[in-house]
Amino acid sequence: MTPREMIRAHAYPVLAVVSTVSLVIISTSLIPIAKWSRSQNECIERTFKVNGINTQGLSSKVWSCNGGGD
């Protein structure tokens, strides 16, 4: 086999492996962000509720859940 034929024969499997590994790495790197966003959503849902009624706007809730305030 010539070098050109070897490259043509192995190019698709190599590219498939590289793309699969890349997708796995990207998806595992997004796990911490998904956990953080879930906890933020839960905090925003339960913040500033009195008798099941929201008493503050969204910006106040986000500010509170992110550690705002004195």
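The values are calculated or read from the model by the stated rules, or taken from the named source; none is laboratory data. Note that this is a predicted model, so its numbers are computed, not measured. FYI the Cβ positions are ideal-geometry reconstructions off the backbone, even for glycines, and counts take in every protein chain you see. When the accessible area is computed, the model is the full protein with side chains, heavy atoms only, and any ligands, DNA or RNA have been set aside. Shrake-Rupley method; radii C 1.70, N 1.55, O 1.52, S 1.80 Å.
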Query raised in the report: Could we say that Ile7 is open to solvent by 60 Å² or more (accessible area, probe 1.4 Å) and within 13 Å of the chain's Cα centre (by Cα) here?
Result: no
Query raised in the report: If the Cβ limit is 8 Å and pairs must be 6+ apart or interchain, which residue in segment 56-70 that is on the phi > 0 side of the Ramachandran plot pairs with which residue that is at pLDDT 85 or above?
Result: Gly69/Trp63
Report summary line: Residue pairs within 8 Å by beta carbon, gap of at least six or interchain, first lying in segment 32-53 and under 9 Å from Cys65 (Cβ atoms), second basic (Lys, Arg) and open to solvent by less than 80 Å² (accessible area, probe 1.4 Å), listed first then second, are Cys43/Lys61; Ile44/Lys61; Thr47/Lys61
**Report entry** helices (runs of 4 or more DSSP H) enclosed by the chain - at least 2 residues per element that are modelled with pLDDT of 90 or more
**Finding:** 3-29, 31-46
